[in-house]
Structure formats: structure tokens, C-alpha cells
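Student: Encoded as C-alpha cells, here's the structure I'll be asking about.
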Amino acid sequence: MQIVISDLISGKKVLLRYDIDVALGKGTGDRLQVTEDYKLKAGIPTLKLCLENAVAVILMGHVGRPEGKVVEELRVAPIVEWFKNHGYSADLESGKLKILENLRFDPREETSDPEYAKELAAMGDFYVNEAFSSYRPAVSTTVLPTLLPHAAGIRFSEEVTKLTEVKNNPKKPLIAIMGGAKISEKLAVIKVLAQKADAVLVGGKLVAEIREQQLNLSANVLVAKLNEDGFDIAQETVSAWSGLINKAAQIIWNGPLGKFEDPKYDATKKVGEIVTNSSAETIIGGGDIIAALDYAGVLDKISFVSVGGGAMLKLLSDGTLPTITALS
């Protein structure tokens, strides 16, 4: 996979696929604004590199799941405002930086329509992918690299390097923590991690799903006990897990362990503190666990934060992604 090199984009119009799928909420005057900007900040080094060397940068991405329809609440206006507030007003006003409207407003984006790909490709002459979390096939992620010279963004490359290293050469003892929901999407990853990790600790809504489906998992997959109302893992589980976590050399974590937004459900915070106080290298991924550990005040103690939870898990289980293959 190619790395972004300044002379490759010098004098070019760059189509920059950026991760703008961030949380939005109502601010002053009920106007929508960005409420969680980790992904936006993660791509800044690549954006700066492009603006310093290219003649123009056309930034594009998606917000939410509008399913091919124009949804007012999913317009890019709040993201544009975020960039203006973070030092890019002059570039936007001059036209050196242009931000396209939500690509998923056009149904052809997710169907990988070749004609739509040609329309986008005509806007630039070099393609850079800095949206690691957007790993599924689409015009802007897997088709454009077939039409234009291309490279991976700085953060995209860092993600692939780190996560491939974890998959192929994990540090031992390795502990994986899996939370959140959707066992249908995470079961394959849990099984792969169970083959590599000393223990896979499972919490969140996954616990109820595993029990409802009566899934048989390997002995080193330790499914948490839930508290009485089922919205968090029990304190006895936190205590039982702490010994394993403290002995770990490397920890991978995806998904919160309970309803962390409510202060009375504090297991994610407690486990976060145990994890970050350990001597292990820590790798987390996914918007929910980023938000949870930020809320707990320990995010800045994590060794590596992946911007893509689903992409991280897919890469760890499969060893590649459609977007990586497209850039190869």
C-alpha cells in the first residue's frame, strides 16, 4: 500500500476521502454542531499535507445512513463549520479546500456505480484515502482508486501498520475486551481473537445476546455476569477481570461494557482505569468506546486509538479490508 508522499500530490487536485461521520447534536439556537470530533482531528495531518502541496483539495465523505436520500439532519454544514472553527476558513473561502455534500445522499455511492465514480474522479487527478473506518466497498472508497493515481493517508497507514502488527505478532499475554452489541457482527472476531489471546473478556449487550442464542465459545472467552437490571457488568466480574488485565502485555478493546452515559453504571470507567493503570500496550477502536473512555477521563492514557471499530475488528479477523486491497 502506498503512503502519501508530498511530491506525488504536488501541483495536483486531490480528492481526499475523509472520515466526517461524526456525532452531531443541537447547539446554540438549535443549530446542529459536531459533538465528538476525534475522527476529524485524526485526519488533520493528512489534510495539512494535501493543502501544503496540492493546488486544491476536494474533501468528501459520508454522514450517517441516509440510504440514498437527502436528509437535512445529515448535511455536512456542521462539519464545514467545524473546519472553519479549526483554522481552515481561508482555505474554504478561497476555494483551495472544498467539502462535498454527504456522498450517501446519492444512492449510487453505496452501489459502487461506475458512472458516479467517473463523475467524482473528474473533479481531481489524485486520490487519497484517509477514512480508515469506512472500509466497505463504495464508489468513494474502493472504486476511485481504480480510476486515479492514489495513496493512503497518514492516519490510514498508521492504522494498518499497527493493527497488522497486532494480528500477526501480538504481545503476550494478550487480553481482548469486547463490549457493545451485535454479536452477529462480532462473533467471528471473538473466535479469531480467542485463538490468539490468552483471554477474551465479553461484556455489554453481547452478554445477553450470547446467552439468548446459547452460543458455545472456547474456554478462554469469559462472558461477564450482568448486574440486576442488566445495564452493566457486575462488580464481581470487574474484580475477576482485574487480575488478568494487570498481567497483560497487550490489550485490545472494542465497545463499552454497559450504559456508561449514566454515572450509576460505572463498570466501563472502572475497567478503563484498571486497563490504563496496567503496564500493557493498549489499543482501542470504535466511536462508543472512544466516547466512554473520554467520559471516564482516561482516553489520553491509551497507547493507540483506532478511529474505526468495525474496520479494526474486520482487519484483525480477516487480515485485510476492501479499502486496503483497493490501494494496493
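The values are calculated or read from the model by the stated rules, or taken from the named source; none is laboratory data. Bear in mind the structure is a predicted one, so any value in this text is a computation, not a measurement. We place every Cβ from the backbone using ideal geometry, glycine too, and count neighbours over all the protein chains shown.
Student: List every residue pair whose Cβ atoms sit under 8 Å apart, with the two residues 6 or more apart in sequence or on different chains, where the first one lies in the stretch 262-286 and is under 19 Å from Lys172 (Cβ atoms) and the second, anywhere, is assigned to a helix (DSSP H, G or I) and among the charged types (D, E, K, R).
Tutor: Thr282/Lys301; Ile283/Lys162
Student: When you scan the stretch 26-75, how many residues do you find that are of a type in the set (Gly, Ala, Ser) and in a loop (DSSP other than H, G, I, E, B)?
Tutor: Keep residues of the stretch 26-75 that are of a type in the set (Gly, Ala, Ser), which gives 27, 29, 42-43, 54, 56, 61, 64, 68.
Restricting the remaining residues to those that are in a loop (DSSP other than H, G, I, E, B) gives 27, 43, 54, 61, 64, 68.
Of the residues in the stretch 26-75, 6 are of a type in the set (Gly, Ala, Ser) and in a loop (DSSP other than H, G, I, E, B).
Student: Just to be sure before I move on: is Gly180 touching a residue at least 12 places away in the same chain (Cβ under 8 Å) and assigned by TED's automatic domain parsing to the domain that holds Leu103 in the structure I sent?
Tutor: Numbers: touching a residue at least 12 places away in the same chain (Cβ under 8 Å): yes; assigned by TED's automatic domain parsing to the domain that holds Leu103: no.
Against the criterion (touching a residue at least 12 places away in the same chain (Cβ under 8 Å) and assigned by TED's automatic domain parsing to the domain that holds Leu103), Gly180 does not qualify.
Student: Would you please name the residue that is surrounded by the fewest Cβ atoms within 10 Å (Cβ to Cβ), looking only at residues in the stretch 68-81 that are closer than 13 Å to Asp21 by Cα and not β-branched (Val, Ile, Thr)?
Tutor: First, the residues of the stretch 68-81 that are closer than 13 Å to Asp21 by Cα: 73-80.
Narrowing the set further to residues that are not β-branched (Val, Ile, Thr) leaves 73-75, 77-78.
Working: Glu73: 11, Leu74: 20, Arg75: 17, Ala77: 15, Pro78: 20.
Ranking the qualifying residues of the stretch 68-81, first place goes to Glu73.
Student: Any idea how many residues of the stretch 105-139 are of a type in the set (Gly, Ala, Ser) and more than 17 Å from Ala56 (Cβ to Cβ)? Break it down into steps so the answer makes sense when it comes.
Tutor: Going through the stretch 105-139, the residues of a type in the set (Gly, Ala, Ser) turn out to be 112, 117, 121-122, 124, 131, 133-134, 138.
If we keep only those that are more than 17 Å from Ala56 (Cβ to Cβ) as well, we get 112, 117, 131, 133-134, 138.
Here the count works out to 6.
Student: Now for a separate question. So if I check each of Val275, Val238, which one is touching a strand residue (DSSP E or B) at 6+ places or on another chain (Cβ under 6 Å) and surrounded by 20 or more Cβ atoms within 10 Å (Cβ to Cβ)? Step through it out loud before you land on a result.
Tutor: On the way: Val238 fails: touching a strand residue (DSSP E or B) at 6+ places or on another chain (Cβ under 6 Å).
The conditions single out Val275.
Student: Take Ala131 and decide whether it is of a type in the set (Gly, Ala, Ser), buried (at least 20 other Cβ atoms within 10 Å of the Cβ) and either in contact (Cβ under 8 Å) with a residue 12 or more places away in the chain or farther than 25 Å from Val55 by Cβ (or both).
Tutor: Yes.
Student: Do we find that Glu36 is at pLDDT below 95 and more than 20 Å from Thr146 (Cβ to Cβ) in this structure? First the steps, then the outcome.
Tutor: Values: at pLDDT below 95: yes; more than 20 Å from Thr146 (Cβ to Cβ): yes.
Answer is yes for this residue.
Student: Still on this structure: Provide a single number: the residues in the stretch 188-201 that are of a type in the set (Val, Ile, Thr) and surrounded by fewer than 13 Cβ atoms within 10 Å (Cβ to Cβ). Explain how you work it out, then say what you get.
Tutor: We begin by selecting, within the stretch 188-201, every residue of a type in the set (Val, Ile, Thr); these are 189-190, 192, 200.
Filter once more, keeping what is surrounded by fewer than 13 Cβ atoms within 10 Å (Cβ to Cβ): none.
The total comes to 0.
Student: Only one of Gly204, Gly230 is part of a loop (DSSP other than H, G, I, E, B) and crowded, with 20+ Cβ neighbours inside 10 Å; which?
Tutor: Working: Gly230 fails: crowded, with 20+ Cβ neighbours inside 10 Å.
Matching residue, one of Gly204, Gly230: Gly204.
Student: OK, next. How do the strands (runs of 3 or more DSSP E) wholly within the stretch 90-188 filter down when requiring 3 or more residues that are under 30 Å from Val200 (Cβ atoms): which remain?
Tutor: Numbers: elements: 97-99, 126-130, 150-152, 174-178.
Here the list reads 174-178.
Student: Sticking with this structure for a sec: Would you confirm whether any residue within the stretch 215-224 is touching a helix residue (DSSP H, G or I) at 6+ places or on another chain (Cβ under 9 Å), crowded, with 20+ Cβ neighbours inside 10 Å and assigned to a helix (DSSP H, G or I)?
Tutor: no
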